[in-house]
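The values are calculated or read from the model by the stated rules, or taken from the named source; none is laboratory data. None of these values were measured; they are calculated from a predicted model. All Cβ positions, even for glycine, are placed from backbone atoms using ideal geometry, and neighbour counts span all protein chains on display. Note: areas computed on protein heavy atoms with side chains; ligands, DNA, RNA excluded. Shrake-Rupley method; radii C 1.70, N 1.55, O 1.52, S 1.80 Å.
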Amino acid sequence: MTENTIILSLDNLSKSFPQRGLVLDGLSLEVNEGDALAFMGPSGSGKTTLMNIIGLLDKPDTGEIIFKGRAISGFSGDESSGYRSRNIGFVFQDHLLLPYLTIIENIFLPLIAASHSKEELEERKDHLMGLMKKAGIDTLAEKYPFQISGGEAQRAALVRALANKPSILLADEPTGSLDNANASLMGDLMLEMNGKFGTTLIVATHSYELAKRMTHLFRLENGKLNRSL
């Protein structure tokens, strides 16, 4: 990884909604490879909207998103899906594990959608098994989501998000439904992935305890990001 290599640029993004009005107002940001940053702000401030735009789940009204030097805002649906599957991992407040699949089936699911050679697939599976052990959920592989705790399910969701070794992990309120102990563990795991693999970590959170552990902290206010640290 080259030091201070920009992986993501947000240039003058704006986004509004009929019921909420202007949510993002000419917002700009540069993110370096391997950064760990947090967005804070009250409910309705636009944190989830910003995360969805970075992940191409939504489009800005104006402005540009540049990923590894390439403008991607105008991607088609198929191009956006390819960008997400190759480059982005998502973790949400709700784990969104499929109830009819076992934990290991849920975790391996992203591998099915990606094109891997047989050798790559085996390597990814070994990688995920190692992450499951590190997350303390390797013994839960054959259980179903309803049979494990909320903290365990959220750790499984984190491992699933790392299945295709994404360049960027987007975590939207990843500890919002967890108690303090499990929230701390989730923070540990995300930062370990950031440090060990150089995965760029972008977290939207209400939790100052989690946000202050990141190397960069921003507050989203009046549609703009203001650096807090």
Mind listing whichever residues of the stretch 118-138 are assigned to a loop (DSSP other than H, G, I, E, B) and among the small types (Gly, Ala, Ser)?
-> Ala135, Gly136
Regarding Arg20, is this residue closer than 14 Å to Ile7 by Cβ, open to solvent by 20 Å² or more (accessible area, probe 1.4 Å) and over 19 Å from the mean Cα position of the chain (by Cα)?
-> no
Test: residue in the stretch 170-184 that is charged (D, E, K, R), under 13 Å from the mean Cα position of the chain (by Cα) and closer than 27 Å to Leu225 by Cβ = yes
Filter result (under 18 Å from the mean Cα position of the chain (by Cα) and open to solvent by 30 Å² or more (accessible area, probe 1.4 Å)) within the stretch 220-229 | none
Count - residues of the stretch 58-68 that are touching a residue at least 24 places away in the same chain (Cβ under 8 Å) and either out of contact with any Ser or Thr (no Cβ under 7 Å at 6 or more places or on another chain) or not in a strand (DSSP E or B) (or both) = 5
Is it the case that Asn87 is modelled with pLDDT under 95 and under 19 Å from the mean Cα position of the chain (by Cα)?
-> yes
If you take the residues in the stretch 93-117 that are in a helix (DSSP H, G or I) and among the hydrophobic types (A, V, I, L, M, F, W, C), which one is surrounded by the fewest Cβ atoms within 10 Å (Cβ to Cβ)?
-> Ile112
Name, by its number, the condition in (1) assigned to a strand (DSSP E or B); (2) more than 23 Å from Lys196 (Cβ to Cβ) that does not hold for Ile7.
-> (2)
One residue from Gly151, Gly187, Gly198 being open to solvent by less than 30 Å² (accessible area, probe 1.4 Å), modelled with pLDDT under 95 and closer than 21 Å to Leu8 by Cα = Gly198
Look through Ala163, Ala156, Ala211 and report the one residue that is in contact with a Pro (Cβ under 7 Å, 6 or more places away or on another chain), open to solvent by less than 10 Å² (accessible area, probe 1.4 Å) and either on the phi < 0 side of the Ramachandran plot or modelled with pLDDT of 90 or more (or both).
-> Ala163
Is there any pair with a first residue in the stretch 24-51 that is of a type in the set (D, E, K, R) and a second that is in a loop (DSSP other than H, G, I, E, B) and open to solvent by 20 Å² or more (accessible area, probe 1.4 Å) whose Cβ atoms are under 6 Å apart and which are 6 or more apart or on different chains, and what are they?
-> Glu33/Met1; Glu33/Thr5
Within the set of pairs 6 or more residues apart or between chains, which connect a residue that is part of a helix (DSSP H, G or I) inside the stretch 168-197 to a residue that is among the β-branched types (Val, Ile, Thr) and buried (at least 21 other Cβ atoms within 10 Å of the Cβ) with Cβ atoms less than 6 Å apart?
-> Ala183/Thr175; Met186/Thr175; Met193/Thr199
Among the residues of the stretch 139-162, count how many are farther than 21 Å from Asn87 by Cβ and either assigned to a loop (DSSP other than H, G, I, E, B) or among the basic types (Lys, Arg) (or both).
-> 7
